[in-house]
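Novice: A single structure is presented below for examination.
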Amino acid sequence: MTEIGSRIRLIDAVEKVTGSLKYGSDFKLPGMLYGKVLRSPFPHARIVSMDVNEARRLPGVKAVVTGLEEDLPIYSVAGENYPDERLLARDKVRYIGDEVAAVAAIDEATAREALKRIQVEYEEIPAVFDPVEAMREGAPRVHENIKQNIARTIHIKHGDIDTAFRDSDAVVEATFKTPLVHQAYLEPHSAVAQWDFQGRVTFWIPTQSPTLARMTYANALGISRDKIRIIQMPMGGAFGGKLEYKLHPLCALLARKANAPVKMTNTREEEFTASLPRVPMIIKMRAGCKKDGTLLGKQAEIVADNGAYLNYGPGILLSATIRHDNLYRLKNVQTDSYLVYTNKVPTGCFRGFGCPQSFFAFESLIDMLAHEIQMDPADFRLKNASQSGDTTPHQWYFGSCGLSEAITRSTEKADWYSKRKALPAKRSQDTVYGIGIACCLHVSGNRSFLPFFDGASANVRINEEGHVIVHVGEPDIGQGSKTTFALIAAHELGIPIEWVQVASLDTDISPHGLGTFGDRSTTLTGNAVRSAAIEARQQLLEAAGRKMNVSPSTLSIEEGIIASSQDSSLQMEFKEAAQIVSFERAGATVIGHGHFVPPNVCMVDPTTKVGNISCAYPFVAQIAEVEVNLKSGEVKILSLTAAHDLGKTLNPLLAEGQVHGAVAQGIGFALMEEMRLKEGKVTNPNFKQYLVPKAKDIPPIQTLFVESNDPYGPYGAKGLAEPALTPIAPAIANAIYHATGIRITELPMTPEKVKAALENKA
């Protein structure tokens, strides 16, 4: 029997490691054309004229589309009904990389040549690249109808912040900056689109949410949603960066124009110049506490650099504004946040959804407070940690909370207290050693994302041969959710996991689901799969009961054998029961339907922003040990201890893999990753120049799992993937401070920045 908690490898592991798995960028159709996009070379310019005749005359070119010719609806992602973008620029371009025209040709070389033959006359106009400058009177307007380039504002206030600071024995403040960073997935964005004779388009795309994509692309193409079918392709990495993306409807636009299937795949340079990287932020924050460590108040101002067009920036800003307020028992908070347009690449979702930026500031500030009152940073966190049963000022309710246990177990494993007393200390003439801690929380599902519905549904189908197929609405984006769903189904059905297949998502067949984001898959979809498997199991037991002439309540399934608890001689194979049901129903198969609607969740109030947005909240405590070279400023991570409250460990092997991957991304965010821009142009648009962590940069990782048994998660489980990244940067920053006495407040913490800070201190 497949047990919950077993170490089970990915069910598609062999396909992946042998290279036989066909990803979106591998997919082809007969007679397929190849599409390419002409992009703006200027950060801000009016389009005076465009001549595409020479491109159209080029042999092999089958379609050319422009924003001047196509009368298309405004492009806006699902849930963000805000008219600021078109599929192709019409009046002006707003960043280097803005889509101006697109072509489809018999091969990529011909398509690239056609782009060269499109003549566009631009009139350059002043651009703005700094979000603070963009907010000032007189700054160039990225969108003429938006005053001071402020796309969104959020103002929240709970408690009495002025009294909190007056009553504080210690108050600290600092300004923190986080950079533009790319998701750095290995597979670039790719799409294949084909229309049929009924005016219906099929997309073969790797996307995190086929449902959201259908909504967005239907609006962008001016058709109804029932005219769109999406077949989910295996995905070579996403990390938030593969929700809706303009390349997909552009591909469909070309396919419709050419009356042939079209494929489009970004180059790596296009990925860096025209995809949707993480939102950079400038965060000014202050906090106060009593001498005994009681946290009294926090005040912040956040300026988020949205780039040229809205994507999920408003939701990301909301997350950065409120989530960190819920980590500790903090009653007095005030934050003013601004989402600002600039003439830079548009930004979007990235693992953590605004939390890595805000927690870098908040958890650095928590350490600063602890230092100010001469209290151990871990003890400070333990004193203020949220607990199970708490309701926060933002009305988040914690049905489970393992934060205190995560802090305690991580400090024990890392030998925290002994090392804090013995250190900082020199390891050699030129190096010093330090240790730092940071924490975070996240969501398992996000009710504030879309107003339409929440939860998940699933079907478990068992054919007459006993083969089980699970259908869900949330795609596996590489994190292993297919394996998790197969594990849950196999466990409930009492069969080996090898008998279970999880179908790839097809919107014509699969249940309607919101997609894979916000750590919702295990908690929400896992519950739905469990419910569906239980219903399917009941149908089998009823059929077996009729055959054996016993009550179904006396039957159970183990290792694929249905047996009676009252008479051990009464047994039946799982496959035989499935066949009985099928034959009784004239060939119809067993189908279990399941769904899960998370209880006690709601949309946030549009004004106050309060509301319990998730049925479960995971917590994390991470400890980093670092070595700092006093001459070069180089920071080397010696070890990392990560304790994660994931509710229940369904599959330790995959859980550990999630932590390891998150640690790698967190190290990149902390120490090396940054998309460098000069006058709006990305100057490091490839993996040779854009540095990501390599194997040698990853330290030994001690992974601990805290099982708080959430009341709403399947078997008590909740999310893991996103929060595992968030505390890395502040933990490293706090360790650097412990080692050197310098506080780095700007990411990435490169050797140059560390060396400059050391020199300034000296």
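The values are calculated or read from the model by the stated rules, or taken from the named source; none is laboratory data. In this text, all values refer to a predicted model and were calculated from it rather than measured experimentally. For neighbour counting, all protein chains shown are included, and Cβ atoms are generated from backbone atoms with ideal geometry for every residue, glycine included.
Novice: Any residue that is farther than 23 Å from Gly445 by Cα, of a type outside the set (Lys, Arg) and crowded, with 23+ Cβ neighbours inside 10 Å - is there at least one of those in segment 344-360?
Specialist: yes
Novice: Of all residues in segment 116-139, count the ones that are surrounded by fewer than 15 Cβ atoms within 10 Å (Cβ to Cβ) and either in contact with a Ser or Thr (Cβ under 8 Å, 6 or more places away or on another chain) or of a type outside the set (A, V, I, L, M, F, W, C) (or both).
Specialist: Of the residues in segment 116-139, 10 are surrounded by fewer than 15 Cβ atoms within 10 Å (Cβ to Cβ) and either in contact with a Ser or Thr (Cβ under 8 Å, 6 or more places away or on another chain) or of a type outside the set (A, V, I, L, M, F, W, C) (or both).
Novice: Within segment 388-423, which residues are in a loop (DSSP other than H, G, I, E, B) and either free of Cβ contacts under 8 Å to residues at least 24 places away in the same chain or crowded, with 18+ Cβ neighbours inside 10 Å (or both)?
Specialist: Gly389, Thr392, Pro393, His394, Trp396, Phe398, Gly399, Ser400, Cys401, Gly402, Ala414, Asp415
Novice: Restricted to segment 665-724, and to residues that are in a strand (DSSP E or B) and of a type outside the set (Lys, Arg), which residue is surrounded by the fewest Cβ atoms within 10 Å (Cβ to Cβ)? Outline the logic, then answer.
Specialist: Of the residues in segment 665-724, the ones in a strand (DSSP E or B) are 677-678, 681-682, 701-706.
Pick out the ones that are also of a type outside the set (Lys, Arg) and you get 677, 682, 701-706.
Values: Leu677: 20, Val682: 23, Ile701: 17, Gln702: 15, Thr703: 19, Leu704: 18, Phe705: 20, Val706: 25.
Here the residue is Gln702.
Novice: On to the next question. Residues of segment 361-382 being surrounded by 24 or more Cβ atoms within 10 Å (Cβ to Cβ) and either assigned to a strand (DSSP E or B) or β-branched (Val, Ile, Thr) (or both), which ones?
Specialist: Matches in segment 361-382: Ile366 only.
Novice: What's the number of the condition Ser582 fails, among (1) of a type in the set (S, T, N, Q); (2) more than 26 Å from Ala456 (Cα to Cα); (3) surrounded by fewer than 18 Cβ atoms within 10 Å (Cβ to Cβ)?
Specialist: Among (1) of a type in the set (S, T, N, Q); (2) more than 26 Å from Ala456 (Cα to Cα); (3) surrounded by fewer than 18 Cβ atoms within 10 Å (Cβ to Cβ), Ser582 violates only (3).
Novice: What single numbered condition from (1) surrounded by fewer than 20 Cβ atoms within 10 Å (Cβ to Cβ); (2) of a type outside the set (S, T, N, Q); (3) in contact with an Asp or Glu (Cβ under 9 Å, 6 or more places away or on another chain); (4) modelled with pLDDT of 90 or more fails to hold for Gly31?
Specialist: (3)
Novice: Okay, moving on. Of all residues in segment 590-616, how many are polar (S, T, N, Q) and buried (at least 16 other Cβ atoms within 10 Å of the Cβ)?
Specialist: 2
Novice: Looking only at segment 529-547, decide whether some residue is within 23 Å of the chain's Cα centre (by Cα) and touching a residue at least 12 places away in the same chain (Cβ under 8 Å).
Specialist: The answer is yes, given that some residue of segment 529-547 is within 23 Å of the chain's Cα centre (by Cα) and touching a residue at least 12 places away in the same chain (Cβ under 8 Å).
Novice: Does Thr726 qualify as being among the hydroxyl-bearing types (Ser, Thr, Tyr), assigned by TED's automatic domain parsing to the domain that holds Glu627 and under 15 Å from Gln658 (Cα atoms)?
Specialist: When the stated conditions are applied, Thr726 passes them.
Novice: Only one of these is of a type in the set (D, E, K, R), in contact with a helix residue (DSSP H, G or I) (Cβ under 6 Å, 6 or more places away or on another chain) and exposed (fewer than 15 other Cβ atoms within 10 Å of the Cβ): Arg46, Arg57, Arg7. Name it.
Specialist: Unique residue meeting the criteria: Arg7.
Novice: Would it be correct to say that Ala89 is not acidic (Asp, Glu) and not in a loop (DSSP other than H, G, I, E, B)?
Specialist: Here the answer is no, as Ala89 does not meet what is asked.
Novice: Would you pick out the residues in segment 280-335 that are over 24 Å from Lys681 (Cα atoms) and among the polar types (S, T, N, Q)?
Specialist: Within segment 280-335, Thr294, Gln299, Ser319, Thr321, Asn326, Asn332, Gln334, Thr335 meet the criteria.
Novice: Oh, and also: On the given criteria, is Gly434 in contact (Cβ under 8 Å) with a residue 60 or more places away in the chain, in contact with a strand residue (DSSP E or B) (Cβ under 8 Å, 6 or more places away or on another chain) and surrounded by 22 or more Cβ atoms within 10 Å (Cβ to Cβ)?
Specialist: yes
Novice: Identify all residues within segment 505-559 that are of a type in the set (Val, Ile, Thr) and over 23 Å from Pro714 (Cα atoms); write none if there are none.
Specialist: Within segment 505-559, Thr507, Ile509, Val550, Thr554 qualify.
Novice: Would you point out which residue out of Ile562, Ile557 is among the β-branched types (Val, Ile, Thr), farther than 30 Å from Thr392 by Cα, over 39 Å from the mean Cα position of the chain (by Cα) and assigned to a strand (DSSP E or B)?
Specialist: Sole residue among the options that is among the β-branched types (Val, Ile, Thr), farther than 30 Å from Thr392 by Cα, over 39 Å from the mean Cα position of the chain (by Cα) and assigned to a strand (DSSP E or B): Ile562.
Novice: Kindly provide the set of residues from segment 27-67 that are more than 19 Å from Asp98 (Cα to Cα) and of a type in the set (S, T, N, Q), ordered by number. Steps first, answer last, please.
Specialist: Within segment 27-67, the first condition is being more than 19 Å from Asp98 (Cα to Cα), and the residues that meet it are 27-34, 53-63.
Within segment 27-67, just Asn53 meets the criteria.
Novice: Shifting gears a bit: Scan the helices (runs of 4 or more DSSP H) fully inside segment 167-274 and keep the ones with 2 or more residues being of a type in the set (S, T, N, Q), assigned by TED's automatic domain parsing to the domain that holds Val77 and at pLDDT below 95. If you could, list the steps in order and put the result at the bottom.
Specialist: Values: elements: 210-221, 247-258, 268-274.
Of the helices (runs of 4 or more DSSP H) lying wholly inside segment 167-274, those with at least 2 residues that are of a type in the set (S, T, N, Q), assigned by TED's automatic domain parsing to the domain that holds Val77 and at pLDDT below 95 span 210-221.
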